[in-house]
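Visitor: Okay, handing you the structure first.
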Amino acid sequence: MIKFENVSFVFDDKTIVSGYSEHIKESEHVCLMGESGAGKSTIMKSIMGLIQPDGGKITVCGKEVTHADILSIRSHIAWVPQEVHLPYEFVKEALEAPFVLKVNQSRRFDKDQMFQLFETLSLDKSIYERRMQDISGGERQRLMIALAVMLDKKILLLDEPTSAIDSETREKMIAFLKTINITLFAISHDMPFALTCDRIIRLNKIR
């Protein structure tokens, strides 16, 4: 589903990642761990085509990540960054707007399904009517996870998904993520979360 072949990244004449190769299978849940500066965020952003490698090749859903195919590739991906910033005033706008897009028109916004996901992810129903600025970062992340499920995306990219939630909510979210049939690629420093994934990849910082 996601394949890195001898990928390298260089910033300001400094090599951040060198010769990175990895293959993430369909429906596999993988956690990427490593110290700050090792290139974890760079690798995740490259899956979305937000950063281009200086060497090697990245393939997602059978297509190489290039300018020509990037829109098609992104249509299969839900990306939930650590800090979620969306151009909507209200939560309901952020949740409903993606279903209007041509790429998602095969899916129908289902409020009942949404509220079921809210319950599973420890989100109060009242959040639906609230302003985006009035909800926490952890709540925004969980809203985007719920949206990814409703849109039936093939790949879910998560950046520190448990960093802004309490232990009880974390347990519920981890239990939920284990049940969904999706290719999951996460960056996390949370070992209890990482251990629930199928595999942990450790990325070492280049000295």
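Visitor: Can you work out the PRE-style zone for Thr59? Point 7 Å along Cα to Cβ, and I want the residues of region 1-26 with backbone N under 15 Å.
Guide: 1-7, 21-26
Visitor: On alpha carbon coordinates alone, what is the Rg over Rh value for region 38-191, Rh being the Kirkwood radius?
Guide: Value, to two decimals: 0.96.
Visitor: Go ahead and set up a Gaussian network model of the chain, Cα springs under 10 Å, then flag whichever of His67, His23, His189 fluctuates most.
Guide: Residue with maximal mean-square fluctuation among His67, His23, His189: His67.
Visitor: Looking at region 1-95, which chymotrypsin sites (Phe, Trp or Tyr not before Pro) are in a loop (DSSP not H, G, I, E or B) and have at most 16 other Cβ atoms within 10 Å? Walk me through the intermediate numbers first.
Guide: On the way: sites: Phe4, Phe9, Phe11, Tyr20, Trp79, Tyr88, Phe90; in loops: Tyr88.
Passing both the DSSP loop test and the Cβ count: Tyr88.
Visitor: Quick query: amide H of Ile16 versus all other amide H atoms, modeled in the peptide plane; which residues come in under 5 Å with a sequence gap of 5 or more or a different chain?
Guide: Phe9, Val10, Phe11
Visitor: Please arrange Cys61, Cys31 by counting, for each residue, the other beta carbons lying within 10 Å of its beta carbon, fewest first.
Guide: Cys61, Cys31
Visitor: At Asp134 and Lys111, where each label point lies 7 Å from the Cα along Cα→Cβ, what is the point-to-point distance in nanometres?
Guide: The two pseudo-label positions are separated by 1.8 nm.
Visitor: Most exposed first by the Cβ proxy, i.e. fewest other Cβ within 10 Å, how do Ile127, Ile43 rank?
Guide: Ile127, Ile43
Visitor: Restrict the search to region 1-66; then list the trypsin sites (Lys or Arg not before Pro) that DSSP places in a loop and that have at most 13 other Cβ atoms within 10 Å of their Cβ.
Guide: Details: sites: Lys3, Lys14, Lys25, Lys40, Lys45, Lys57, Lys63; in loops: Lys25.
Qualifying residues, ordered by number: Lys25.
Visitor: Considering only Leu177, Ser163, Thr15, whose Cα is most displaced toward the positive end of the charge dipole of region 2-202, charges sitting on Cβ of Lys, Arg (+1) and Asp, Glu (-1)?
Guide: In region 2-202, that residue is Leu177.
Visitor: Now a separate question. Mind giving me the FRET efficiency for Glu119 and Ala68? R0 is 45 Å, r the Cβ-Cβ distance, nearest 0.05 is fine.
Guide: 0.60
Read-outs throughout are calculated quantities, based only on the coordinates presented, and are distinct from any laboratory measurement. Computed from a prediction, not measured in an experiment: that's the story for all the values here. In this analysis, Cβ positions are derived from the backbone assuming ideal geometry, glycine residues included, and neighbour counts consider all displayed protein chains.
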